[in-house]
Amino acid sequence: MSNRYIDPWGTGMNNDNAKKPAPHAYWIHEKIKVKQSVTGYYYLPDCTCSNCGYYSRRELPVCLNCNALMDEKPPKR
């Protein structure tokens, strides 16, 4: 019997993706126009990853789809 580690998720011990640096991205927040708001917009809790387009209802420090670190500043509009 071999003493090799068996990864239950099938990623393997020498996974090439583990060696690559994580991309950096930011959350794009959904908003709607509202006249009653001071800013004119109401920001919804929904957000989208700027790297892969993954839709999430929570703003997390890492995208669950592409593992991008959410540490970039969104561009000024």
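Derivation of every value follows stated rules applied to the coordinates shown; laboratory data play no part. In this text the structure is predicted, and so the values were computed from the model without any measurement.
Points worth noting:
- Legend: P(r) of the stretch 21-77 from all alpha carbon pair distances, 10 Å bins from 0, whole percents, reading 25, 46, 22, 6, 0.
- Remark: the residue 37-residue 76 segment gains 12.0 nm on full extension, using 0.36 nm per residue and subtracting the alpha carbon distance.
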